[in-house]
1. Of the residues that make up the stretch 117-133, is at least one surrounded by 12 or more Cβ atoms within 10 Å (Cβ to Cβ) and in contact with a helix residue (DSSP H, G or I) (Cβ under 7 Å, 6 or more places away or on another chain)?
2. Restricting to the stretch 109-124, name every residue that is in contact with a Ser or Thr (Cβ under 9 Å, 6 or more places away or on another chain) and either of a type in the set (S, T, N, Q) or part of a strand (DSSP E or B) (or both).
3. Give me a count of the residues in the stretch 59-93 that are crowded, with 16+ Cβ neighbours inside 10 Å and part of a strand (DSSP E or B).
4. Confirm whether Leu53 is under 30 Å from Thr134 (Cβ atoms), surrounded by 15 or more Cβ atoms within 10 Å (Cβ to Cβ) and modelled with pLDDT of 90 or more.
5. Can Asp113 be described as over 28 Å from Gly15 (Cβ atoms), acidic (Asp, Glu) and at pLDDT 95 or above?
6. Restricting the first residue to the stretch 9-22 and requiring it to be closer than 17 Å to Gly69 by Cα, which pairs with a second residue that is β-branched (Val, Ile, Thr) meet a Cβ separation below 9 Å and a spacing of at least six or different chains?
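The values are calculated or read from the model by the stated rules, or taken from the named source; none is laboratory data. As the structure is a computational prediction, the values presented were derived from the model and not from experiment. In this analysis, Cβ positions are derived from the backbone assuming ideal geometry, glycine residues included, and neighbour counts consider all displayed protein chains.
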Amino acid sequence: MAHHCPECGFVNAEGANYCQKCGAFVGIPDPPKDAVTATYRIDETGELIPVELEDVVAQGAALVIRSGGGRVGESFVLEGERMPIGRRPDSAVFLDDVTVSRDHALIVRRGGDWHLDDLGSLNGTYVNRQRIETHRLQDGDELQVGKYKLTFLQR
């Protein structure tokens, strides 16, 4: 489905966020804050399994993709002591896009809290729109890694 630019009418390629002719925003606006995001996980066969967000977070903490890469709603339960985020296929949180560094960031458990550390990524790691080197995560924090926005949820 092509997007018509609201400013100049140019027909942009599917998935474009900005008009290729005039640069105006043509993407899908962020959903309202009270919108409910369906979440899912991918099982061993690659099938999407719908899950209740409460069930995901009941296990402690999770990241849920809010936008980016057609993976909105995918969730990652935080477990262990270290969870790498990056473009490397064996990353615990694998984000396959050129805006994400191979070893982009790391979620680390320190003293019972989860911390997000940037690993010197090219495009930086952001929490609540602030570029960070390291940040102690709190429920509801919005992370940005490349073009992906994720929400940290903890009960």
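1. no
2. Restricting attention to the stretch 109-124, the residues satisfying the condition of being in contact with a Ser or Thr (Cβ under 9 Å, 6 or more places away or on another chain) are 115-123.
If the condition is that a residue be in contact with a Ser or Thr (Cβ under 9 Å, 6 or more places away or on another chain) and either of a type in the set (S, T, N, Q) or part of a strand (DSSP E or B) (or both), then His115, Leu116, Asp117, Asp118, Ser121, Asn123 are the ones that fit.
3. Selection size over the stretch 59-93: 16.
4. Values: under 30 Å from Thr134 (Cβ atoms): yes; surrounded by 15 or more Cβ atoms within 10 Å (Cβ to Cβ): yes; modelled with pLDDT of 90 or more: no.
Answer is no for this residue.
5. Details: over 28 Å from Gly15 (Cβ atoms): yes; acidic (Asp, Glu): yes; at pLDDT 95 or above: no.
Taking the combined requirement at face value, the residue does not satisfy it.
6. Sorted first by the residue in the stretch 9-22, then by its partner, the pairs are Ala16/Val26; Asn17/Val26; Asn17/Ile28; Tyr18/Val26.
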